[in-house]
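The structure appears right after this line, and notes come after that.
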Amino acid sequence: MTDRIDLLQALAAKCSLTSDDTLAARRLIYADGVIGQQEAELLFRINDAANSSSETWREFFVEAVTDFVVHQQHPAGYIDQANAAWLLQQVARDGRLKGSTELELLVRVQEAAEQAPPILTAVVLHYVESAVTDRAGAGPTITEEEVTLLRRVLFAFSGEGGAASVSRQEAELVFRLNDRARGRPNAQGWRLLFTQAIGHAVLVAKGYQAPSRDEAIRREAWLREGPAGLSEIVRRTFAGFSGAGAAEEDAYRAAEETKRAAQAEAAVLTSDEASWLLDQIGRDGEFDDNERAMLNFICEQTGGLPAGLTQFAPRL
């Protein structure tokens with residue numbers, strides 16, 4: 001272990017990271033298939049010290065740190081508050097993300113995780129919002145790269161609203177971005193993302209929610225029981241063939257019915273949601289083509305606008 005750490009520390013003295021450096025680091029990091037915290041922190045030191053790096057290094061860096069944060073913790077796939085705080089401390093030591101590599105890391109971690117604290121999404125969204133707001137020129141412009149980044153983090157599997165679901169807080173940021181970028185030559189994909197994000201926030205039930213961290217720990221312990229655990233799997237499998245699995249089948253059907261009912265309920269725009277939409281649309285006194293497209297989408301999905309939004313009907 002000491003030799004491996006020493007060799008990694010030597011890379012931290014390099015100003016430029018090549019493909020050969022990447023290969024050397026990969027061999028060292030994955031020598032035993034396990035990445036320790038000291039090694040992960042060294043990867044950040046190496047990445048921070050370099051003035052330039054190859055694409056192979058950047059991809060390896062994101063892959064290895066994601067592996068440590070998401071897959072090599074207990075239970076795998078679950079990021080707790082402590083690990084999230086550690087990650088944010090590494091990527092923003094001076095209070096700001098160093099660049100696109102760290103940003104990609106935060107997004108990749110959320111895509112790979114079963115569950116992650118909402119703060120990780122908030123940091124990425126704040127970064128994009130700041131970039132759009134501070135951009136030089138005649139006003140904010142949302143780029144195609146930012147549209148792609150926003151789509152990935154808003155609909156990440158471990159997101160606050162569950163898989164393929166957008167929380168109200170996230171939707172409010174999308175509205176703010178739209179207000180600030182109004183009238184600018186934004187990316188072609190922005191209108192579609194705006195429409196889908198707001199539509200999901202008000203018309204889609206919470207997405208798939210991974211089991212709680214405690215439940216994941218319990219399941220891992222059950223699998224580690226070895227022969228007894230395997231015997232239970234076999235027993236349940238054959239019980240299903242003999243008709244003894246009827247209760248489990250009933251539970252599955254009940255769960256599916258609950259999901260269908262939740263989606264049917266979510267597909268109806270409530271007065272609270274209509275009031276929220278009205279506040280978001282009217283807070284700057286403007287009504288633009290993106291908001292028009294979003295309301296048209298809601299009309300198509302619900303069969304019309306609720307009473308609180310009918311003032312916009314003549315403008316659709």
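Condition first: of a type in the set (Asp, Glu) and farther than 15 Å from THR195 by Cα. Now tell me which residues in the stretch 277-313 satisfy that.
Taking the stretch 277-313 as the starting set, the residues that turn out to be of a type in the set (Asp, Glu) are 279, 284, 286, 288-289, 291, 300.
Scanning the stretch 277-313 gives ASP279, ASP284, GLU286.
Conditions tested, residue by residue: (1) under 27 Å from ALA113 (Cα atoms); (2) of a type in the set (Phe, Trp, Tyr); (3) in contact with a helix residue (DSSP H, G or I) (Cβ under 7 Å, 6 or more places away or on another chain); (4) surrounded by fewer than 18 Cβ atoms within 10 Å (Cβ to Cβ).
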site	(1), (2), (3), (4)
ILE5	no, no, yes, yes
LYS14	no, no, yes, yes
LEU17	no, no, yes, no
ARG27	yes, no, no, yes
VAL34	yes, no, no, yes
GLN37	yes, no, no, yes
ILE46	yes, no, yes, no
VAL62	yes, no, yes, no
PHE68	yes, yes, yes, no
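Go through (1) at pLDDT 90 or above; (2) in a loop (DSSP other than H, G, I, E, B); (3) within 15 Å of the chain's Cα centre (by Cα) for ILE142 and report which single condition fails.
Among (1) at pLDDT 90 or above; (2) in a loop (DSSP other than H, G, I, E, B); (3) within 15 Å of the chain's Cα centre (by Cα), ILE142 violates only (3).
Confirm whether GLU160 is surrounded by 19 or more Cβ atoms within 10 Å (Cβ to Cβ), modelled with pLDDT of 75 or more, acidic (Asp, Glu) and within 14 Å of the chain's Cα centre (by Cα).
no
Out of (1) under 20 Å from GLU39 (Cα atoms); (2) at pLDDT 90 or above; (3) not small (Gly, Ala, Ser), what's the single condition that is false for VAL107?
(1)
Could you look through the stretch 163-180, keep only residues that are part of a loop (DSSP other than H, G, I, E, B) and surrounded by fewer than 20 Cβ atoms within 10 Å (Cβ to Cβ), and pick out the one that is modelled with the lowest pLDDT?
In this case the residue turns out to be ALA163.
Please note which helices (runs of 4 or more DSSP H) are completely contained in the stretch 227-316 and include at least 1 residues that are out of contact with any strand residue (DSSP E or B) (no Cβ under 7 Å at 6 or more places or on another chain), over 22 Å from TRP190 (Cα atoms) and modelled with pLDDT of 75 or more.
271-282, 289-302
The values are calculated or read from the model by the stated rules, or taken from the named source; none is laboratory data. None of these values were measured; they are calculated from a predicted model. So basically every Cβ, Gly included, is an ideal-geometry build from the backbone, and we count neighbours across all protein chains shown.
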